[in-house]
Amino acid sequence: MPRNPQISVVIPTYNEAENIAELLASLRSSLEKEGIKDFEIIVVDDNSPDGTWRIVEKMSKEDDRIRLIRRINEKGLASAVLRGIEEARAPYVLIMDADFQHPPEMAPKLVKIAFEKNADVVVASRYVRGGGVEGWNKLRLFISRFATFLAYAAVKESRYTTDPLSGFFVVKKAFVNGRKLKPRGYKILLEIIARDPPWKPRVIDVPYIFRNRKRGKSKLSTNTIIDYLLHLLDLSTITKFAIVGFFGSLVNLGVMDLVMRLSNSYDLGSVMGIETSIISNFIFNDIWTFKKNLKGKVLARLAGYHGSSLGSAVTIYTTMKLLHVFLGLNPLLGQLIGILAGFAVNYLLSSRVIWRW
């Protein structure tokens with residue numbers, strides 16, 4: 001076993017007995033052929049019923065560059081990858097699957113680019129010029145593209161790469177060390193680049209062709225899709241902000257309607273609705289949307305949030321007033337239109353001033 005390997009390769013596995021021996025042999029050959037001899041291969045197996053771990057265990061006795069981590073009471077690709085990174089002894093870690101969808105002959109190229117460019121992340125991308133997929137039908141292509149679009153829309157850090165959902169990449173271990181990552185499902189790259197990165201990473205995309213699985217069954221399922229959507233929600237401040245804003249809008253309109261009924265004044269109703277929703281939105285943004293960015297005392301944040309909401313409040317009230325006076329629109333409907341107009345202003349000021357991110 002090399003004391004100071006240049007690269008650690010982490011391969012998460014579950015029921016890959018049909019592929020693992022050939023994959024490890026091919027990977028070793030590819031690395032050695034390109035002059036990369038000081039490496040270690042860490043297979044993190046979730047106690048596969050088909051005995052994948054037994055095959056790896058046998059191979060590790062024949063080649064001490066192969067290491068087995070057998071997890072008995074844990075499951076999940078993303079958490080397996082993080083366990084492998086934690087155990088890795090090299091400054092760079094290559095992540096790949098065991099089913100040949102990630103061609104092992106591409107591994108040396110990704111590693112060399114990471115070394116030469118001092119990159120934080122090198123992504124094997126299906127969607128950069130020269131990349132692609134093999135054998136996918138139009139529906140699967142659409143699902144993949146749409147999933148990437150959702151990541152781009154919800155998580156700004158995902159835009160560092162053309163393929164934030166890739167499972168084939170090299171990452172600098174220092175970029176991961178010490179971070180409280182919360183992996184969910186399969187999309188570990190998105191977690192690594194988006195969950196409180198210690199600095200803006202230098203990311204390089206390298207084109208590759210995603211292949212069909214060589215043997216065995218795909219692990220894509222409805223649960224995988226649900227996990228992905230929940231993962232996006234967890235990472236996305238703008239989505240959380242929008243959810244809080246939606247319920248704040250209901251509070252706004254509800255209070256406005258109540259005050260109008262009691263006082264017969266739509267001006268007072270508008271102002272009371274705006275103020276109540278500001279307080280409501282602050283509470284939920286503070287404890288949910290931006291909880292990782294809390295700085296200073298709560299009263300100082302509340303005062304700052306009132307200040308940052310001033311533009312939105314003026315927009316809401318002015319829109320309501322103009323639409324009612326000049327178009328005769330119902331004040332409640334005018335207030336709703338004003339809320340929609342003020343959302344962008346409120347988000348930009350809140351996220352960049354009160355809860356910096």
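FYI, it's all coordinate maths here, none of it is from the lab. Computed from a prediction, not measured in an experiment: that's the story for all the values here. Quick reminder, even Gly has a Cβ in these numbers, built from the backbone with ideal geometry, and neighbours come from all protein chains shown.
Considering the values (1) 1.15; (2) 1.07; (3) 1.11, which represents Rg/Rh (Cα atoms, Kirkwood Rh) as calculated for the structure under consideration?
Answer by label: (3).
Once both axes come from the Cα atoms, what is the angle between helix 298-308 and the longest principal axis of the chain, in degrees from 0 to 90, rounded to 10?
70 degrees
Summing -39500 (n - 2.57) over the DSSP H runs of n ≥ 4 in the chain and dividing by its residue number, what mean residue ellipticity at 222 nm do you reach, to the nearest 500 deg cm²/dmol?
Taking each H run of at least 4 residues, the total per residue is -16500 deg cm²/dmol.
On C-alpha positions alone, give me the angle between the axis of helix 77-87 and the longest principal axis of the chain, in degrees, nearest 10.
60 degrees
Can you list the lysines whose alpha carbon sits under 24 Å from that of Lys109, skipping same-chain ones fewer than 8 residues off?
Here the lysines satisfying the reach criterion relative to Lys109 are Lys33, Lys37, Lys117, Lys172, Lys173, Lys187, Lys200, Lys214.
Please report how far the C-alpha centroid of segment 49-113 lies from that of segment 220-254, rounded to the nearest whole angstrom.
34 Å
By how many degrees, between 0 and 90 and to the nearest 10, does the Cα long axis of helix 310-327 differ from the longest principal axis of the chain?
Taking Cα atoms only, the helix is inclined about 50 degrees.
To the nearest 0.05, how large is the calculated FRET efficiency for Ala303 and Asp196 if R₀ is 22 Å and r is the Cβ-Cβ distance?
Approximately 0.25, to the nearest 0.05.
What percent antiparallel are the DSSP beta bridges of the chain, to the nearest 5?
Beta bridges within the chain, antiparallel portion: roughly 25 percent.
In straight Cα distance, which lysines are under 25 Å from Lys297, not counting same-chain residues fewer than 8 positions off?
The reachable lysines, counting only those whose Cα sits under 25 Å from Lys297, are Lys180, Lys240.
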